[in-house]
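To keep things clear, I will list the structure first and then write my remarks on it.
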C-alpha cells in the first residue's frame, strides 16, 4: 500500500495529512511536502496529522526528525498529532516522542503552534 498526502492551511499553520503506510517508498514524498512548506511559503508552524497513517517505519521517523530539525532551524514549529496506537508505540519505543511533540489532536497542535 502506498500513501497519499494532502495539505490544508489553518491560517499560518499548515496541516500535512498523510494517509496509508509511511515506509521507504512513501516517506520521501512526505519529506518533499514538508520541504516545500518550509522552503516556499512563510508558515508559522507545521502539523503532521498521523491519524490515517497505518504504518510508519524507520525511514518515516528519519523524515520526521529531519523535518523537525529543519523547521527548528528556520524558527518554525513542527508537531505531530493523533498517531494511531501502533505508530504512537513506535514513537515511544524509539524515543521520538521525546524529540518531536506528539499531540492528542490536530486542534491542540495548531493551538500550541499559535501560542
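Candidates 114, 89: the one that is loosely packed, with under 15 Cβ neighbours inside 10 Å, on the phi < 0 side of the Ramachandran plot, more than 14 Å from the chain's Cα centre (by Cα) and in contact (Cβ under 8 Å) with a residue 40 or more places away in the chain is 114.
In this structure, is residue 51 out of contact with any strand residue (DSSP E or B) (no Cβ under 7 Å at 6 or more places or on another chain), modelled with pLDDT of 95 or more and exposed (fewer than 14 other Cβ atoms within 10 Å of the Cβ)?
Values: out of contact with any strand residue (DSSP E or B) (no Cβ under 7 Å at 6 or more places or on another chain): yes; modelled with pLDDT of 95 or more: yes; exposed (fewer than 14 other Cβ atoms within 10 Å of the Cβ): no.
For residue 51, the condition - out of contact with any strand residue (DSSP E or B) (no Cβ under 7 Å at 6 or more places or on another chain), modelled with pLDDT of 95 or more and exposed (fewer than 14 other Cβ atoms within 10 Å of the Cβ) - is not met.
Do the conditions hold for residue 57, that is, is it free of Cβ contacts under 8 Å to residues at least 40 places away in the same chain, under 14 Å from the mean Cα position of the chain (by Cα) and surrounded by 13 or more Cβ atoms within 10 Å (Cβ to Cβ)? It is true that residue 57 is free of Cβ contacts under 8 Å to residues at least 40 places away in the same chain, under 14 Å from the mean Cα position of the chain (by Cα) and surrounded by 13 or more Cβ atoms within 10 Å (Cβ to Cβ). Those residues that are loosely packed, with under 14 Cβ neighbours inside 10 Å and either in contact with a strand residue (DSSP E or B) (Cβ under 6 Å, 6 or more places away or on another chain) or under 17 Å from residue 58 (Cβ atoms) (or both), I need them from the range 8-27; list them, please. 8, 24, 25 - these are the residues of the range 8-27 that are loosely packed, with under 14 Cβ neighbours inside 10 Å and either in contact with a strand residue (DSSP E or B) (Cβ under 6 Å, 6 or more places away or on another chain) or under 17 Å from residue 58 (Cβ atoms) (or both).
The values are calculated or read from the model by the stated rules, or taken from the named source; none is laboratory data. Small disclaimer: the values here were computed from a predicted structure and weren't measured. In this analysis, Cβ positions are derived from the backbone assuming ideal geometry, glycine residues included, and neighbour counts consider all displayed protein chains.
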